[in-house]
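Here the structure is laid out as structure tokens; the discussion comes afterwards.
The values are calculated or read from the model by the stated rules, or taken from the named source; none is laboratory data. Fair warning: this is a prediction, and the values are worked out from it, not measured in the lab. Here the Cβ is made from the backbone with ideal geometry for all residues, glycine too, and neighbour counts use every protein chain on show. With ligands, DNA and RNA removed, areas are computed over all heavy atoms of the protein, side chains included. Shrake-Rupley method; radii C 1.70, N 1.55, O 1.52, S 1.80 Å.
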Amino acid sequence: MILRYDGTFAGFLTSVSLARERGLEPEAIADREPEQQGLFATVETVATSRDRADELYRLIRHTLTPGAMQTFRYAFQSCEPGREILLFRYLQLGLATGAQFGAMLAHEAVIPVWKLARAVGREAHRYKGLVRFQHLEGDIWYAAMEPDHCILPLIAPHFAARFADQRWIIHDRRRGEAVAFDPRHQKWAATPLELTATLPCTAGEEFFRELWQRYFDRLAIAERRNPKLQRQNLPLKHRRHLPEFEQ
Amino acid sequence: MPKLTLAEKLEILADGAKYDVSCASSGSSRRNKGGIGNGAQCGICHSWTADGRCVSLLKILLTNACIYDCAYCVNRRSNDTRRVILTPAEVAELTIGFYRRNAIEGLFLSTGVVKDPDHTMELLIEATRILREEHRFNGYIHVKVVPGADLLLVERLGRLADRVSVNMELPSRESLKLLAPDKSREAIVAPMKRVGELIVQTKEERKVSRKIPPFAPAGQSTQLIIGASGESDLQIVSLAAGLYGRLAMKRVYYSAFIPVNIDSRLPSVIGTPPLVREHRLYQADWLMRYYGFAAGELLDEERPNLDLTLDPKAGWALRNLHIFPLEVNRAPLELLLRVPGIGVRSAQRIAGARRGGHLSLDDLARLGVVMKRARYFVTARGRFAADLAPDAAGLRARLTERTTPRPRWNQPSLFDAAAAIDIQSTITGEL
Ligand code: SF4
């Protein structure tokens, strides 16, 4: 049995809830048509149910430690294909073992989920520094990025707290998704976003961009030059939206 | 002389500030109260420069003019360079402009001494005040204290900043006298002591009333230049231990000496700064702060200098082979921390995971233990993973980082070698 869901966290929880109710372990839970198993397995499309999702979510929150809960949430946001079944097993073990679960760090159902969560956590932390805003006409602060994982909802609270008086948008260009923040209501929301025109920057933006580039070029100490270390710390793929690396 | 643009001034003042290696922005959780910015408990890097260092703070001098003449400093009076100064308002404007773009975590403001220490301190305080009060900026601010300034000014600065620091620069009174003749040891130590007192006192007072403004909530730090004078690692590490213990110092930074001036009082090294030594000192420092090592366990009169080819934790283990191998299912956390290849996080994970069942050797690797190093020092369920007992003579050779050659001056390849030292540990010093 393969469960197909809409790709959302609520949809995933709905699928898990259904599988638990029927007492079976699906071969896969996926948001698209699986390529291999499709031949023999039956595919069932799951309609997302907020109530079901909420109910399961409360049960998880009640049973798992906050750390295990965060691992679960972060691993889901990895958006790696195939993560759903790992998360399913992780959750089954967690719900079955309850208080002991926190100590089962070396269990084979825990390790892969923990690794995914760690990768996502690292990337989310990294992007707290790499998201770079440009000041656009109309007093909007816009940032583009292309992360490996679906980290927008994980980093939005950080920027909402920090730039509480700015109207800002962070744009995941790989996925055509964005979060936008409204300082009047102190709220952020997710929205699909595609750019159709070039962005109109303010004059101040040009000024600070040049200032930053010139400042950055002066920072390195010639005697300690070490481009290899620089590349290890900041891989080329992360430089694409940083003005200091613009040609 | 044509008037300089802000960009040109910024370049000159960044040049003068970049040799200060302290860059951390962590440890302050100042909250955003209706303005802009907050502190992040764990540090955030916004970029990395061509020397591989993290860019976290806007690091600039208020001015590169100075009435003093320290031998090792680019900004010293006797150097023939162009002098510029920013107004406190300009410092604030630059900081806010970069901060709003999320290019920085905050400001690191240092300065040369103009007119006298008190006047200079007042300018620093004013820049900080404008940021906090006029721009309502709650991000991270680290400001240098000018040695010799009035202690009341030191107090005012600490009420506005997240971190303050007085750079010791030279590890002994004699070196200070020789290389920084205008600055007495007392002028450096007095503000350090005062800052230490105020940090402790304010913490106590704030337990009673949160209305009392915090004082340097991210603590104080200092910097020592390594290799400009003749002190041994033992002297340096002991000094650091004293600073952590007695002055409630948060961080001591070590900066490999880079000759920027020609001066007969300075050692005549050309080319490569002693980066490997600097790296080993950071490791030793890390062992003292997070692993429970005492300075005397790492170095003593007979071995006053750190081994450049071996990390200090492995060195300690080799001198204390009688306590190994440790059974990971039983050893207390303090001892797990002393195993080469087990870091703070993996030690904690072991302590957590073994409550859920006996750990095997395979489990260790999964918990993040570097088995390549640890296997000589641990057993799991009584099983030993190495082909060599831990008292074998070849152990030292196996633990030596072959990628770390002895430094040879003027060998450009050293930079690659230094990069090959575990990158993570170069940043964190973690072992
Ligand atoms: S007081 Fe500071 S800026 Fe002035 S010469 Fe000495 S180290 Fe340089």
Open item on the list: What does the buried accessible surface come to for A and B, summed over both chains, with the probe at 1.4 Å? Round to 100 Å².
Closed with: 5300 Å²
Task: Charge dipole magnitude, Cβ of K and R +1, D and E -1 - the range B:147-199, Cα centre, debye nearest 20 - done: 40 debye
Task: Relative intensity, log₁₀ I(q)/I(0), of the protein assembly as shown from a Debye sum that treats every alpha carbon as a point, q = 0.08, 0.09 Å⁻¹ - done: -0.71, -0.90
Task: C-alpha center-to-center spacing [the range A:191-247, the range B:211-265] in angstrom - done: 32 Å
Open item on the list: Between A:Ala119 and A:Phe9, what is the label-point separation in nm under the 7 Å Cα-to-beta-carbon projection?
Closed with: 2.0 nm
- [ ] Heavy atoms only, probe 1.4 Å: what % of the accessible area of the protein assembly as shown goes to carbon and sulfur, would you let me know?
- [x] 53 percent
Task: Protein-protein interface of the range A:126-152, residues with accessible area decrease of at least 40 Å², isolated chain reference, 1.4 Å probe - done: A:Gly129, A:Arg132, A:Trp141
Open item on the list: Output the 0 to 90 degree angle, nearest 10, between the alpha-carbon long axis of helix A:83-97 and the longest principal axis computed from the alpha carbons of chain A.
Closed with: 60 degrees
Open item on the list: Rounded to the nearest 10 Å², what accessible area does B:Thr379 have for a 1.4 Å probe in the complete protein model?
Closed with: 20 Å²
Task: Among A:Phe72, B:Gly35, B:Ile96 - extreme Cα towards positive end, dipole of the protein assembly as shown, charges at beta-carbon - done: A:Phe72
TODO: Can you tell me the alpha carbon radius of gyration of chain A divided by the globular rule-of-thumb value 2.2 N^0.38 Å?
DONE: 1.20
Open item on the list: Could you report the range A:38-197's accessible area per residue, 1.4 Å probe, as an integer in Å²?
Closed with: 48 Å²
Open item on the list: Tell me the relative contact order for chain A as a rounded percent, counting alpha carbon contacts under 8 Å between residues six or more apart.
Closed with: 13 percent
Task: Estimated 222 nm signal from helices in the protein assembly as shown, with DSSP H stretches of n ≥ 4 weighted -39500 (n - 2.57), rounded to 500 - done: -12000 deg cm²/dmol
Open item on the list: Using each residue's phi in the range B:71-87, evaluate 6.51 cos²θ - 1.76 cosθ + 1.60 at θ = phi - 60° and report the 3J(HN,Hα) Karplus result to the nearest Hz, with x for Gly and Pro.
Closed with: 4, 8, 9, 5, 8, 4, 3, 6, 7, 8, 10, 6, 9, 9, 9, 9, 7
Task: Degrees between helix B:117-129 axis and first principal axis of chain B (Cα, 0 to 90, nearest 10) - done: 80 degrees
Task: For the range B:46-61, residues shielded by at least 50 square angstrom of accessible area compared with the chain on its own, probe 1.4 Å - done: B:Ser47, B:Trp48, B:Thr49, B:Ala50, B:Asp51
Task: Candidates B:Arg277, B:Arg132, B:Arg246: whichever shows maximal mean-square fluctuation once chain B is modelled as a Gaussian network with Cα springs under 10 Å - done: B:Arg246
- [ ] Give the ranking of B:Ser238, B:Ser360 by solvent-accessible surface, highest area first, calculated with a 1.4 Å probe.
- [x] B:Ser238, B:Ser360
Open item on the list: With an 8 Å Cα cut-off and a minimum separation of 6 or more residues, compute the relative contact order for the range A:1-135 in percent.
Closed with: 25 percent
Task: Charged-residue dipole, Cβ positions (Lys, Arg, Asp, Glu), the range A:39-143 about Cα centre, Debye nearest 20 - done: 380 debye
Task: For the range A:157-174, Karplus couplings with θ = phi - 60° (6.51, -1.76, 1.60), whole Hz, Gly/Pro x - done: x, 4, 6, 5, 6, 7, 9, 6, 10, 10, 8, 10, 9, 10, 10, 8, 6, 5
- [ ] Treat every Asp and Glu Cβ in the range A:194-247 as -1 and every Lys and Arg Cβ as +1, leave all other atoms uncharged, and give the resulting dipole magnitude about the Cα centre to the nearest 20 debye.
- [x] 460 debye
Open item on the list: Which one, B:Ala17, B:Trp286, B:Leu61, projects farthest toward the positive side of the charge dipole computed for the protein assembly as shown from Cβ point charges (K/R +1, D/E -1)?
Closed with: B:Trp286
Task: Helix B:275-290 vs. chain B, principal-axis angle (Cα, 0 to 90°, nearest 10) - done: 80 degrees
Open item on the list: I'd like the accessible area for B:Thr5, computed on protein heavy atoms only with a 1.4 Å probe and all protein chains in place. Round to 10 Å², please.
Closed with: 70 Å²
Task: Using θ = phi - 60° and Karplus 6.51 cos²θ - 1.76 cosθ + 1.60, couplings along the range B:340-345 (whole Hz; Gly, Pro as x) - done: x, x, 10, x, 4, 5
- [ ] Taking H placed 1.01 Å from N in the peptide plane, check which residues at least 5 places from B:Leu326 or on another chain put their amide H under 5 Å from its amide H.
- [x] B:Val378, B:Thr379
Task: Heavy-atom surface of chain B, accessible at 1.4 Å and reported per residue (Å²) - done: 41 Å²
TODO: Note down the nm distance, to one decimal, between modelled labels 7 Å out along Cα→Cβ at B:Leu151 and at B:Val189.
DONE: 1.4 nm
Task: Rounded accessible area of B:Lys203 (nearest 10 Å², 1.4 Å probe) - done: 130 Å²
- [ ] Using DSSP to define loop residues, name the trypsin sites (Lys or Arg not before Pro) in the range B:338-390 whose beta-carbon has at most 12 other beta-carbon atoms within 10 Å.
- [x] B:Arg381
- [ ] Would you mind computing, in nm to one decimal, how far apart the modelled labels at A:Asp54 and B:Glu297 are, each placed 7 Å from Cα along Cα→Cβ?
- [x] 5.4 nm
Open item on the list: As a test of reading the structure, rank B:Thr95, B:Thr111 by solvent-accessible area (1.4 Å probe, protein chains only), most first.
Closed with: B:Thr111, B:Thr95
TODO: Calculate I(q)/I(0) for the range B:140-188 by the Debye formula, one identical point scatterer on each C-alpha and no solvent, and give its log10 at q = 0.16, 0.17, 0.24 Å⁻¹ to two decimals.
DONE: -0.49, -0.54, -0.85
Open item on the list: Under 8 Å for C-alpha pairs, at least 6 residues apart: give me the relative contact order for the range B:232-378, rounded to a whole percent.
Closed with: 21 percent
Open item on the list: Antiparallel versus total DSSP beta bridges in the protein assembly as shown: what percent is that, nearest 5?
Closed with: 35 percent
Open item on the list: For B:Asp118, project a label point 7 Å along Cα to C-beta. Then give me every residue of the range B:146-170 with its amide nitrogen under 13 Å of that point.
Closed with: B:148-154
TODO: Find which of A:Ala117, A:Phe245, B:Ala385 sits farthest along the positive direction of the dipole of the protein assembly as shown, computed with +1 on the beta-carbon of Lys and Arg, -1 on that of Asp and Glu, about the Cα centre.
DONE: B:Ala385
Open item on the list: Restricted to Cα positions, what overall size does chain B have along the principal axes? Three whole-Å values, descending.
Closed with: 73, 54, 37
TODO: Express the Stokes-Einstein translational diffusion coefficient of the range A:41-164 in µm² s⁻¹, to the nearest whole number, given a Kirkwood radius over alpha-carbon pairs, 10 °C and a viscosity of 1.306 mPa s.
DONE: 96 µm²/s
